[in-house]
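Have a look at the structure below before the remarks.
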Amino acid sequence: MSAKPVKTVDRAVSRAKREAHKILDRFGHSIPVDVESIVRAHNLKIKAEALEESVSGMLVIKDDGGVVAVNESHHRNRRRFTIAHELGHFVLHGNSARVFIDAGPVFYRDEAAADGTRIQEIQANTFAAELLMPESAVVDIFRKQPLDPHDEAAVRRMAARFEVSAQALTLRLINLGLVVA
């Protein structure tokens, strides 16, 4: 990988973190973050829908706001991350596309956003992680009560504080350098 793409990704990640911090500063830093209220304050409606299992969620932007649809069959904590992820698309990429469909392993973007999809997904995931699991809060809790990442019960307890999945928390701990994969 050349230096230019790395710098582009680094800038994109930094922007995602800054935007998440702006929202936390505006709406408060209490844990767990009330992501649904934040989304509604951005004039977005949230709808739980019967989506294909591989589709986590989607965002449809309209002139006066939009709709975030989440897969009703997914666990509540996964839906929270999806909602935050779609909010990230709205805040970070709302001018580049009108429709975002997040389905693993393929991510659909309307033609306006066909390029840069990978970076957009990295940004939206970074935004969601920083919004739901702010670095300062994760580090503070981890320092007060270090956990063994192989202790599933301890990981689940910490994840429950943030109302995220154990997988999301584990990835966050790894990305923050608090644990080794």
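The values are calculated or read from the model by the stated rules, or taken from the named source; none is laboratory data. Nothing here was measured: the structure is a model prediction, and the numbers come from that model. A quick note on method: Cβ atoms are made from the backbone with ideal geometry, for glycine too, and the neighbour counts reach across all protein chains shown.
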Test: residue in the stretch 52-61 that is out of contact with any strand residue (DSSP E or B) (no Cβ under 8 Å at 6 or more places or on another chain), in contact (Cβ under 8 Å) with a residue 24 or more places away in the chain and charged (D, E, K, R): no
Test for GLN123: is it within 15 Å of the chain's Cα centre (by Cα), farther than 18 Å from ASP34 by Cβ, of a type outside the set (Val, Ile, Thr) and assigned by TED's automatic domain parsing to the domain that holds ARG79: yes
Residue selected from the stretch 81-115 under the condition in contact with a Ser or Thr (Cβ under 7 Å, 6 or more places away or on another chain) and of a type outside the set (A, V, I, L, M, F, W, C), by the criterion modelled with the highest pLDDT: THR82
Meets criteria (within 20 Å of VAL164 (Cα to Cα), out of contact with any Leu (no Cβ under 7 Å at 6 or more places or on another chain), of a type in the set (Val, Ile, Thr) and part of a strand (DSSP E or B)) for ILE31: no
Residue that is buried (at least 16 other Cβ atoms within 10 Å of the Cβ), assigned to a helix (DSSP H, G or I) and at pLDDT 80 or above, where the choices are ARG78, ARG118: ARG78
Any pair with Cβ under 6 angstrom, 6 or more apart, that starts in the stretch 29-40 at a residue that is more than 20 Å from GLY66 (Cβ to Cβ) and ends at one that is charged (D, E, K, R) and surrounded by 14 or more Cβ atoms within 10 Å (Cβ to Cβ): PRO32/GLU163
So LYS45, is it part of a strand (DSSP E or B) and loosely packed, with under 15 Cβ neighbours inside 10 Å: yes
The one condition in (1) within 25 Å of ARG79 (Cβ to Cβ); (2) not basic (Lys, Arg); (3) not in a loop (DSSP other than H, G, I, E, B) that SER14 fails to fulfil: (1)
